[in-house]
Structure formats: C-alpha cells, structure tokens
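The values are calculated or read from the model by the stated rules, or taken from the named source; none is laboratory data. Values in this document were obtained by computation on a predicted structure and should not be read as measured data. Note: ideal-geometry Cβ built from the backbone for every residue, glycine included; neighbour counts use all protein chains shown.
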Amino acid sequence: MQQSLAITQKSRETLMKFFIDYSADQFNKIPPGFSNNLIWNLGHIVVVQQMLVYNLSGLPMAVSGEMVAKYKRGTKPSGSVLAAEIDEIRQLLIDTIKKTETDHASGLFKNYQPFTTMSGYAINSADDAANFNNYHEGVHTGVMMAIRKFV
C-alpha cells in the first residue's frame, strides 16, 4: 500500500492547485454538458477513498455521514458549497492520506469486506482499495481538467 499512497499523495498535491487557481463561484459552477462541478469532484474523491479503505475495513472514517451522503457515488451537486466546506474538503484532501499512511504503518488494516466495483474490479483488501482508488481519482481528475476549461 505504501507505493499506492505515494501515488495518491502526488495526485492530491496536483489537486491542491485547484484551491489556489479557482474561486468559490468557479468551484460551484456546473458547465453545460456536465453533471457536476469542481468541488463535487474533490469532495467525492475524499469520500470514496474513505469508504473504500476505511469503511470496508470496518474502521471509522474521517468524514461525516453528511459528507458521505452529499458526495458518495450516485450523488450530484444540490446547491452551492460555501467557503467553510471548501476549506474542509481542502484540508481533508491531504489529512486523509497522511492518516491512511500512518494507519497502514501501524498495521490497522487487518479486516476487509470484499467489494466488486461497477467496472468489475474485485477489491479484497485495503491494499487493493488503495490501488483502485488511484484509478478512481485519476478519472475524476480528468473530469476536473475538462471542467476547468469552462469555469
């Protein structure tokens, strides 16, 4: 998992640049032809990593139930996200990966509820989840790269 988390960390550093380059209005704008916006993708990235690695390991997540309900698979933006929530997502983007690294190093991930993704990828461990998560984050980073051209 250590190598997967190193990749995730680099990905998240790239995503952090969005917080420098875009305003709250730009984060919330849904361009024509898209079903979501920049901040939804960032919140979704954080929530899915927590669900895949922690929730399916039977461990507490670092995100609230409200955040999960708002950003899990199958959701879409339902109004503007305020500055405080944007800041929370920014902080979670980095803090969740640091915590995952620490928890992995301490051997916390012992159990896992197997899960098969919509694309048919079988995840049988937290290590598998970390690997799949990089693919998932890459997909959403690509969507964000497309959205940014229109905000």
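Yes or no, residue by residue, for (1) among the basic types (Lys, Arg); (2) not in a loop (DSSP other than H, G, I, E, B):
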{"position": "34", "(1), (2)": "no, no"}
{"position": "51", "(1), (2)": "no, yes"}
{"position": "59", "(1), (2)": "no, no"}
{"position": "62", "(1), (2)": "no, no"}
{"position": "98", "(1), (2)": "yes, yes"}
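Cβ-Cβ contacts under 7 Å between residues 6 or more apart (or on different chains), taken from a first residue in segment 81-92 that is modelled with pLDDT of 95 or more to a second residue that is of a type outside the set (A, V, I, L, M, F, W, C) and crowded, with 17+ Cβ neighbours inside 10 Å, are listed as 81/28; 89/43. Regarding residue 88, is this residue under 18 Å from residue 10 (Cα atoms), buried (at least 16 other Cβ atoms within 10 Å of the Cβ) and acidic (Asp, Glu)? No.
Could you tell me which of the residues 78, 64 is over 21 Å from residue 133 (Cα atoms), surrounded by fewer than 13 Cβ atoms within 10 Å (Cβ to Cβ) and of a type in the set (S, T, N, Q)? Testing whether each residue is over 21 Å from residue 133 (Cα atoms), surrounded by fewer than 13 Cβ atoms within 10 Å (Cβ to Cβ) and of a type in the set (S, T, N, Q) leaves just 78. When you look at residue 118, is it buried (at least 17 other Cβ atoms within 10 Å of the Cβ) and of a type in the set (A, V, I, L, M), yes or no? No, not satisfied. Residue 76 falls short of the stated requirement of being modelled with pLDDT of 95 or more, out of contact with any strand residue (DSSP E or B) (no Cβ under 9 Å at 6 or more places or on another chain) and over 30 Å from residue 32 (Cβ atoms). You will find that of 73, 12, the residue that is in contact with a Leu (Cβ under 7 Å, 6 or more places away or on another chain), within 16 Å of residue 139 (Cα to Cα) and surrounded by 11 or more Cβ atoms within 10 Å (Cβ to Cβ) is 12 and no other.
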